[in-house]
1. Tell me, yes or no, whether the range 152-173 has at least one residue that is without any contact (Cβ under 8 Å) to a residue 12 or more places away in the chain and surrounded by fewer than 20 Cβ atoms within 10 Å (Cβ to Cβ).
2. Give the residue, chosen from 105, 92, that is crowded, with 23+ Cβ neighbours inside 10 Å, closer than 16 Å to residue 213 by Cα, touching a helix residue (DSSP H, G or I) at 6+ places or on another chain (Cβ under 6 Å) and at pLDDT 90 or above.
3. Quick one: which of 133, 84 is surrounded by fewer than 20 Cβ atoms within 10 Å (Cβ to Cβ), over 19 Å from the mean Cα position of the chain (by Cα) and either within 24 Å of residue 158 (Cα to Cα) or at pLDDT below 90 (or both)?
4. Find the residue count for the range 16-55, including only residues that are surrounded by 14 or more Cβ atoms within 10 Å (Cβ to Cβ) and not in a helix (DSSP H, G or I).
5. Report the residue count in the range 83-112 for those that are free of Cβ contacts under 8 Å to residues at least 24 places away in the same chain and in a helix (DSSP H, G or I).
6. Name the single residue that is nearest to residue 34 (Cα to Cα) among those in the range 127-151 being assigned to a loop (DSSP other than H, G, I, E, B) and either in contact with a strand residue (DSSP E or B) (Cβ under 9 Å, 6 or more places away or on another chain) or free of Cβ contacts under 8 Å to residues at least 40 places away in the same chain (or both).
7. Residue check, residue 65 against (1) over 18 Å from residue 223 (Cβ atoms); (2) buried (at least 17 other Cβ atoms within 10 Å of the Cβ); (3) in contact with a helix residue (DSSP H, G or I) (Cβ under 7 Å, 6 or more places away or on another chain), all met but one. Which one?
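The values are calculated or read from the model by the stated rules, or taken from the named source; none is laboratory data. Values in this document were obtained by computation on a predicted structure and should not be read as measured data. Here the Cβ positions follow ideal geometry from the backbone for every residue, glycine too, while neighbour counts run over all protein chains shown.
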């Protein structure tokens, strides 16, 4: 009984390590062919439009409501301590440090990540990638690399928009609706939000999330079996794996960046 349990655990660990190693080799191969994709910037800009513009509505709407909730909850929390003038600082730090990159990455995985996985999986099922190989075209360089770099570029831009709109939402609730002093709201934000320690670290987080989510989506689509059933399962795996990676990476980077 114990031997069977240990054997199952051992096989699971071996398969997991094998999958991780395969993913690392695939990532290295993607980086190796990236210079060739960089020579065709039109492909990357086209994918930035597909990934970024089509995700913009959900990013803006979500950022606005998240900022409004932060403004309301922040005011309720700060008022008993007579610190409601700090509302701008609280809203801005929460957005640029954590909620902006993390929530944007989760939305990015749900919208753009699943779309990329389905797109690549259907191209494989339709034998379009095999046709490229028959014509001596590297599908990783022609199809995957432009989408990967487009996701890496689009992710920090979307996170910045999310944070900016979130601050606007906090201003609308805190200043316009509740009545916090407008000068105090903006001055506290300006005085206590540091460009390098807060904003730049948030941008670094969003770039790392963009790399993780975009590669996961492309990897799942490219290595899915060419059947509709497995393509649909690959899109589900993209959301699950990306979400877990986002939370894990966020904890590690937060511990490294803000551990003073």
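1. no
2. The unique qualifying residue is 105.
3. After applying the criteria, what remains is 133.
4. 1
5. Residues meeting the conditions: 1.
6. Step one: filter the range 127-151 for residues assigned to a loop (DSSP other than H, G, I, E, B), giving 127, 135-138.
Okay, now just the ones that are also either in contact with a strand residue (DSSP E or B) (Cβ under 9 Å, 6 or more places away or on another chain) or free of Cβ contacts under 8 Å to residues at least 40 places away in the same chain (or both), so 135-137.
On the way: 135: 20, 136: 17, 137: 14 Å.
Per the criteria, the residue is 137.
7. So residue 65 meets the others, but not (2).
Residue by residue, here is whether (1) within 21 Å of the chain's Cα centre (by Cα); (2) in contact (Cβ under 8 Å) with a residue 12 or more places away in the chain holds:
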position	(1), (2)
209	yes, yes
212	yes, yes
216	yes, yes
226	no, yes
233	yes, no
236	yes, no
240	yes, no
250	yes, yes
256	yes, no
